[in-house]
Every structure is written in C-alpha cells, then in structure tokens.
Amino acid sequence: MLRLRNGRLACEEVPLDAIAEAVGTPAYVYSSASVRSQFARLDQALSGVPHRIHYSLKANGNSALLRLIRSLGGGADVVSGGELYRALHGGFAPEDIVFGGVGKSARELVEAVEAGVRLVNVESEAELRLLDGIAGERRRRMPVGLRLNPEITVDNPHAYIRTGGKGHKFGIPWDEGVAAARLAASLPWIELAGLDMHVGSQLAELDAYQRGLERIVSLMEAIRGEGIQSLRYLDIGGGLAVPYEHERPPDLRAYGRIVREAARRTGLEVLVEPGRFLVAEAGTLLTRVLYRKRSGGREIAVTDAGMTELLRPSHYQAYHHIDPVRPRQRAAVRIDVVGPVCESGDFLALDREMPDIEAGDLLAVRTAGAYGYSMASNYNARPRAAEVLVDGDRYAVTTEREEYADLIRLERHALDWRTA
Ligand code: LLP
C-alpha cells in the first residue's frame with residue numbers, strides 16, 4: 001500500500017519520511033488498509049464455504065494488528081504458550097484460537113487446556129496421550145485436530161519453508177493417520193474434532209493444496225469408515241503466497257474452488273491459517289543509508305537495518321524490493337545493500353540493480369510485514385526497531401523502539417550462587 005505522493009513514498013496517506021523523522025529508523029510501518037483488503041479478499045474467495053480465518057501469529061504478533069484482524073472477524077492460530085498469551089492479550093476469545101506446533105511442552109498444553117482453546121492440533125501419538133492426561137486431570141474434554149503430514153513435495157522458493165514432505169519433522173506420518181485417529185477416539189479426554197495439514201509456505205501454485213486436500217479427504221473417509229463420526233473441522237493450514245518480486249500471486253478463485261470442493265465432500269467447517277497473506281504486503285521496513293562505499297569492484301550501501309531487523313534475505317536468500325523514499329534521477333547501479341551487523345551474511349539485497357544510493361537516503365524495504373519483526377533479534381546488542389500502524393492519514397507507534405536498558409533487563413548483577 002505504498003504510493004508516491006508529492007515526490008515521496010507514502011503508506012496510505014502518511015509520507016514515510018515524516019514517520020522516519022518522528023520515530024527514527026529502523027522502523028516497521030504497517031498499513032491497516034492492506035490488512036483489511038487482504039482479509040476481505042480471502043474471505044470473499046471462501047464465500048459459500050463454512051469457514052473461519054485463523055491468523056497465524058508467527059508471521060507478526062503485533063497487538064495492534066491482532067486487534068485489527070479480530071475486528072474483521074478473524075481468529076488466531078498460535079504455536080507456543082507465548083503466542084497464546086499474545087493472542088489472548090490481543091483480545092481473541094479462547095474459542096477463537098487454535099493451538100498447533102511440532103513441539104508443545106507439557107506446560108504449553110496445560111495452558112491451552114486451561115484457556116479452553118477451540119482446537120489443539122496434535123502432531124504425534126505421544127502428544128495425544130500427554131494431552132489426554134492433562135485434560136483428564138482438569139476434567140475438560142479437549143477438541144483435537146490431527147495434523148497429518150500429507151507427504152507431498154511442493155515447489156516454493158526455499159527448502160526451509162517446505163513442511164509437508166515425507167520425512168519432515170511436522171505432523172503425523174501419512175500411513176499412521178488412521179491408527180492415530182483410532183487412538184484419539186479411544187482416549188477419554190480427547191474429542192477427535194478435526195484433521196489438519198499445512199503443505200508449506202509461499203505457495204503460488206495451488207496443485208499442492210489440491211493434492212494435500214485430496215489426501216486428507218480420503219483419510220477422513222477412511223476414518224469415518226472406522227465408525228468415527230466426531231470430525232467437525234478441516235484445517236487446511238496457511239501458505240498462500242504474496243508477490244515479492246515477479247511471482248504471480250495465487251489465483252484466489254481457484255483456491256476457493258479447491259477448498260469449496262473439499263468442504264462439500266466432507267461436510268466439515270474449514271479453518272484456514274494464513275500468516276503471510278494477511279500481513280506481508282502491509283509492512284515496510286524503513287531504513288536509513290549510513291555509508292556508501294566501493295570494495296573489490298562492488299558497490300555497497302550500508303544501512304541501519306540488517307539481519308537483526310529482517311532476517312529473510314540472509315536466512316532464505318529472500319528477495320525484498322527496495323525503493324528510495326524520495327526517488328531522484330540517478331544513474332542505475334548494481335549494489336549490495338548491507339546491514340551494520342558483524343556478519344558477511346548480513347544483507348538486505350545483493351547485486352541489486354537500482355538507482356544509485358547516497359548516504360542519508362531513506363529506503364523502503366517492501367513486503368516486510370510477515371516474518372520481519374517476528375524474527376528480529378538483539379544480535380550485536382541491537383535494540384529492536386519501533387513498529388508503527390498507519391490508518392488513512394493517521395499513524396501511531398504500536399511498539400516503542402527498545403532501549404539499551406531492555407538489553408540487560410533480565411540479567412542479574414549480583415549473582416545468587418547456589419549449590420545443587
Ligand atoms: N500454519 C502452520 C502449521 C504453519 O507452519 C505456518 C507457517 C502457517 C500456518 C502460516 O503460513 P503462511 O500463511 O505464513 O505461509 N519464516 C518463513 C516462513 C515460515 C512459515 C512457517 N509456518 C519466511 O519468512 O518465509
């Protein structure tokens with residue numbers, strides 16, 4: 001939702017340089033309008049399908065964004081006790097929360113049971129038994145989804161964001177699905193309420209969904225064939241792609257058709273867990289160019305944001321478009337846009353062709369709303385950036401920039417030595 005207004009980039013109606021001036025850099029800026037519009041597009045694509053949109057907090061747990069998504073009618077998808085805490089703090093009712101994750105601790109399962117979440121997606125038989133015990137102690141029958149590994153290979157940009165292939169750590173192996181369902185149905189404090197899959201992230205081609213859904217629908221039929229009739233939910237995970245570079249955005253109508261067909265065949269309510277789709281395009285990372293240099297024939301711009309603010313380029317070789325906030329007529333260069341962290345792998349872009357950059361320029365790193373701030377770190381003792389929400393012609397700081405004191409807040413000066 002960036003556009004040029006009076007020669008400078010603006011988020012909705014608010015010029016980005018005004019935000020940088022007031023809040024400093026690096027800073028994340030989010031557009032409310034973009035989140036609203038993505039939510040409405042997805043909701044529209046699923047019209048006619050009984051469905052709920054559970055926003056995947058891991059993409060961005062900012063509480064102002066959570067309140068916005070909740071106000072649109074969304075629920076939450078969480079994968080840790082911390083995310084459950086964030087979701088509840090963001091105003092989601094427990095029954096609007098689904099709890100997933102490959103390695104939930106006993107403490108986290110206790111928290112899920114005590115909160116009374118809508119659904120816990122379980123990833124192994126051992127976890128089913130543990131949850132049954134925890135629920136039994138509290139005399140609360142827990143609705144459970146079985147997360148199956150659909151065991152299909154997908155074609156997305158990076159191996160690290162593929163999750164549904166054979167041998168991946170996620171989910172119950174495909175051929176153990178019916179046995180896990182039998183076990184779930186036999187445990188006294190477990191209600192087998194759903195089946196769940198997540199085929200991967202940043203999926204532009206929809207055939208992975210189609211193949212995954214076909215498998216899950218046939219598994220559901222096999223489970224019903226066992227006389228187990230308690231299934232209510234079909235949780236189809238997240239994964240819808242957004243355009244970062246030249247990727248074609250997913251065909252939402254086709255997505256809707258595929259999901260509608262699965263819903264029709266199963267008669268189940270569909271849960272979706274989009275993260276990136278709802279917030280990626282809403283977010284811009286604002287960064288200032290500190291230095292401009294040349295080294296070994298390469299052109300280099302050093303910015304005040306890097307892998308500590310946005311890990312994706314460094315970790316996944318991900319592409320993020322970078323624009324000057326005040327475009328000027330300058331010669332095109334091929335340039336490395338690198339961060340200030342003491343790591344060669346710290347960069348926002350390598351060998352990027354763009355109009356030349358000078359020290360002092362303000363840059364907008366685009367499509368950074370998902371897995372940006374949520375993957376930020378304090379490496380090199382760098383305080384985390386501020387986060388700002390824009391709505392029309394207004395903006396508000398939603399997260400203050402960390403202070404140095406925050407870096408040592410949990411450290412003890414006087415050590416309390418003990419012996420075991
Ligand atoms: N549901 C489950 C079970 C997931 O594992 C994920 C993401 C989602 C939903 C949300 O997926 P989305 O709609 O955002 O694609 N850090 C990586 C992405 C990791 C995704 C992990 N799982 C990145 O920056 O690309």
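The values are calculated or read from the model by the stated rules, or taken from the named source; none is laboratory data. Only a predicted model underlies this, so the values are computations on that prediction, with no experimental measurement involved. Using ideal geometry, Cβ is built from the backbone for each residue, glycine included, and neighbour counts are taken over all protein chains shown. For the accessible areas, the whole protein counts, side chains as well, though only heavy atoms, and no ligand, DNA or RNA atoms are used. Shrake-Rupley method; radii C 1.70, N 1.55, O 1.52, S 1.80 Å.
Worth a mention:
- Antiparallel beta bridges, as assigned by DSSP with both residues in the chain, represent about 50 percent of the total such bridges.
- Shape of the range 46-275, Cα gyration tensor, a/c cut at 1.5: oblate
- Axis of helix 106-115 versus longest Cα principal axis of the chain: the two differ by about 80°, to the nearest ten degrees.
- Relative to the longest principal axis of the Cα atoms of the chain, the long axis of helix 207-225 makes an angle of roughly 20 degrees.
- Kirkwood estimate for the chain, i.e. one over the average of 1/r between Cα atoms, Å: 22.8
- Cleavage-rule hits, trypsin sites (Lys or Arg not before Pro), the range 266-351, DSSP coil, Cβ neighbours within 10 Å at most 12: 328
- Ordering of 105-111, 80-86 by burial proxy (mean other Cβ atoms within 10 Å per residue, highest first): 80-86, 105-111
- J(HN,Hα) series, the range 273-289, from Karplus relation 6.51 cos²θ - 1.76 cosθ + 1.60, nearest Hz, glycine and proline x: 10, x, x, 3, 4, 7, 10, 4, 6, 6, x, 10, 9, 8, 9, 9, 7
- Which of 93, 136, 119, positive extreme of dipole for the range 46-275 (C-beta unit charges): 93
- Taking all protein chains into account, the per residue accessible area for the chain stands at 45 Å² (1.4 Å probe).
- For the chain, a crude dipole built from +1 on the beta carbon of Lys and Arg and -1 on the beta carbon of Asp and Glu, taken about the Cα centre, is about 300 debye to the nearest 20.
- Qualifying GluC sites (Glu not before Pro) in the range 200-300, where qualification requires a DSSP coil assignment and no more than 15 other C-beta atoms within 10 Å, comprise 205, 226, 245, 247.
- Solvent exposure of residue 63, expressed as accessible area, is near 30 Å², computed with a probe of 1.4 Å over the protein chains only.
- Between residue 207 and residue 356, the simple spin-label model (points 7 angstrom out along Cα→Cβ) gives 4.7 nm.
- The local environment of residue 9, defined by Cβ-Cβ distances under 13 Å, has a net charge of +1 under the rule Lys, Arg +1 and Asp, Glu -1.
- The range 191-240-the range 76-108 distance, computed between alpha-carbon centres (Å): 21
- Distance between modelled label sites at residue 404 and residue 105, nm, 7 Å Cα→Cβ extension: 3.2
- Residues with amide H under 5 Å from that of residue 299, placed H, sequence gap 5 or more: 336
- Taking the longest Cα principal axis of the chain as reference, the axis of helix 252-266 is set at about 10 degrees.
- Residue 224/residue 247 FRET efficiency (R0 56 Å; Cβ-Cβ; nearest 0.05): 0.90
- Over the chain, DSSP H runs of length four or greater, each weighted -39,500 (n - 2.57), average out per residue to a 222 nm ellipticity of -8500 deg cm²/dmol.
- Estimated vicinal HN-Hα couplings, Hz - the range 19-25 in sequence order (Karplus 6.51, -1.76, 1.60; Gly, Pro = x): 5, 4, 4, 7, 10, x, 10
- The length gained on full extension between residue 67 and residue 89, counted as 0.36 nm times the residue separation minus their Cα-Cα distance, comes to 7.0 nm.
- Distance between the 7 Å Cα→Cβ label points at residue 294 and residue 166: 5.4 nm.
- Accessible area of the chain belonging to carbon and sulfur atoms, whole % at 1.4 Å probe: 48
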